[in-house]
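A short reminder: the numbers here are calculations on the coordinates, not readings from a lab. Because the structure is predicted, anything quoted here is derived from the model rather than measured. We place every Cβ from the backbone using ideal geometry, glycine too, and count neighbours over all the protein chains shown.
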Amino acid sequence: MIYGDWIGRWGQADGGREALVSELTGRRYTYAQLAQDIDHLAHLLGNELKIVKGDRVACLSLNREEIITLFFAASRLGAVLVPLNFRLAAGEFDYYLNDCSPKALFCDGGHRTQAGELAAKHAIEQLVCFDHGAGPGLSLPSAWAALPSGSLPAVEIAPDDPQLIIYTSGTTGLPKGVVLTHGSIAANGHNTVLGWGLRPGDRTILHAAMYYTAGWNVFTLPLFMNRGANILVPSFEADQVLELIERERVSVFFGVPTMYQMMLESPAFPKADLSSLRFCISGGAALDLQLIRAYQEQKGLRIWEGYGLTEIGPNNFMGNGKPGTFGNAMPGVDVSLVDDQGLPVEAGQDGEILLRGAHMSAGYWNKPEATAEAIQKGWFHTGDLGRMDTDGHVSIVGRKKDMIISGGANIYPAEIEMHLVEHPAVNAAAVIGVPDPKWGEVPKAVVELRQGQSLDLAGLLEFLQPRLGRYKLPKYLAVIDELPRTAASSKVQKFILKKEHGGADHA
């Protein structure tokens, strides 16, 4: 594999094959056409914006085809794409931009004003908008016609050179930029093609937001590696997805359990023709066995369960196991389950899941201590508890980490707690996940108030909304006299909170 130039190579060798379909613009790209657009944008990056190897290029935009073009154009130059989560509150972007220090910021028209303010505040040299219109920075359509065609001089790219930085929050509450290299992304693609048996010409729907790993590394990039096609939509809509599967003859599909439930409940589901699908993958949270049975009985479809993290994978298992398991590890992936002393556990026993392979990230941007903690002796410590049966099939039994998974999105309680304690009425706070019929889990705040203070959920949300993305906001609030803590270290005992306040209510 020639790092940084997959599309260019397929554009030469199999240029007439369809690569990308945009439901936003109606445009259909062959590999040759997509390669030409990548060449154009690479000229803009290299010649006009003076982007060089190692520079970070940030992007604040809803899903659209230009983000894919930008990724591959930056990769040609050895630059690093940093997609930003458009769901964040305005003040949250400061940390990200201070941390990654991008040389350029790309945006869509809907974020142009905000991107202009961020570029000025953080002294970002170049601002480019994907759309026509008035506003700060360069409009890409205005510059497009004048850009030369043809490839730029080749840049030497090594497997360990960074290609993509995706931010994911950590237990400290501060976001961490996961550094995905050319080698790790390519290795995940190889594992996926082999482990799931992807074929040239396979087609999927790209609905996952491209600021997190599912939007790139479940099917998108592995399919581009293997001459498949992505049908791009701005976001997930159950009725649209069902219609597209039938119209575009989609052969493989990824979703989180909430999405499969929404599709099942759609009035269009009974008559939807899903016969083109060879298999489906579910990730982000445990898949209900009743949901698996419903798809098998009504559509003859098996949904495979996947498991992965931004830091490694995200494709680690082949989905060939019993319902409720991930199956066996993919080619090129090693898995080990260990106890608290780091010793391997026997089949049937619970242990922390450790993973390793060439698909592992290089760690966290600007955070060597966090990297050293997560990656030890070549193994990535997931923080998740699993169990392996005698056939080597792995299942999740719990989480050592305190993460809440809501509709497939990771929410880290420590980040919310950091802002809760800034409220003038709050003395101490903890956040737990509680059941939700639609999203699986949602955050619930449990707070200890200062003397003489009072607080309700409406007042709390008014305080938090400028500080946190909407999906991170607590859906419930419990006010208690005192948080339960350990005697030795005064750490909050969340298992007690979950037992006493783990309901989807305000108790």
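In this structure, the residue pairs whose Cα-Cα separation is over 19 Å, taken from Lys322/Lys499; Lys438/Lys475; Lys438/Lys472; Lys176/Lys367, are Lys322/Lys499. Using Cβ point charges alone (K and R +1, D and E -1), the dipole size of the stretch 354-394 about the Cα centre works out to roughly 140 debye. Phi angles of the stretch 470-481 translate, via the Karplus equation with coefficients 6.51, -1.76, 1.60 and θ = phi - 60°, into HN-Hα couplings of 4, 5, 8, 5, x, 8, 9, 9, 10, 9, 10, 5 Hz per residue; Gly and Pro are given as x. For the stretch 491-501, backbone phi angles converted through the Karplus equation (6.51, -1.76, 1.60; θ = phi - 60°) give residue-by-residue couplings of 7, 5, 8, 5, 5, 6, 4, 5, 6, 8, 10 Hz, Gly and Pro being listed as x. Under 1.5 on a/c is rounded, so check that first for the stretch 254-384, then, if it is not, pick prolate when a/b is larger than b/c and oblate when it is not; a ≥ b ≥ c are the square roots of the alpha carbon gyration tensor eigenvalues. Prolate. Residues whose amide H falls under 5 Å from that of Trp304, counting only those 5 or more places apart or on a different chain, are Cys280, Ile281, Ser282, with hydrogens built in the peptide plane.
Using +1 at the C-beta of Lys and Arg and -1 at the C-beta of Asp and Glu, which of Ile68, Ala458, Ala58 has the Cα lying farthest in the positive direction of the dipole of the chain? The residue sitting farthest along the positive end of the dipole is Ile68. The tail of the calculated P(r) for the stretch 389-507, taken as Cα-Cα distances beyond 17 Å, holds 57 percent of the pairs.
Hey, got the dipole for the chain? About the Cα centre, +1 on K and R Cβ, -1 on D and E Cβ, debye to the nearest 20?
460 debye
If both residues of a DSSP beta bridge must be in the chain, then about 55% of such bridges are antiparallel.
Around the amide H of Ile51, modelled in the peptide plane, lie the amide H atoms of Gly46, all under 5 Å away and 5 or more residues distant in sequence or on another chain. Which of the GluC sites (Glu not before Pro) across the stretch 264-357 are loop residues per DSSP, with 15 or fewer other Cβ within 10 Å? When the GluC sites (Glu not before Pro) of the stretch 264-357 are filtered for loop state and at most 15 Cβ neighbours within 10 Å, Glu346 remain.
By the rule of a C-alpha distance below 16 Å, with chain neighbours fewer than 8 residues away ignored, the lysines paired with Lys491 are Lys400, Lys401. Rounded to whole numbers, the Karplus 3J(HN,Hα) couplings from phi for the stretch 143-160 are 8, 4, 4, 8, 6, x, 9, x, 7, 6, x, 5, 10, 5, 10, 9, x, 8 Hz, using 6.51 cos²θ - 1.76 cosθ + 1.60 with θ = phi - 60°, and x at Gly and Pro. Relative to its residue count, the stretch 31-159 spans a Cα convex hull of 109 Å³ per residue. Over the chain, dividing the summed -39,500 (n - 2.57) contributions of all DSSP H runs of at least 4 residues by the number of residues returns a 222 nm mean residue ellipticity of -8000 deg cm²/dmol.
The Cα atoms of the stretch 155-224 give a gyration tensor whose axes a ≥ b ≥ c have a/c of 1.5 or more with a/b no greater than b/c, which makes the shape oblate. For the stretch 29-103, the pair-distance distribution built from all alpha carbon pairs, in bins 10 Å wide starting at 0, is 19, 46, 29, 6, 0 percent.
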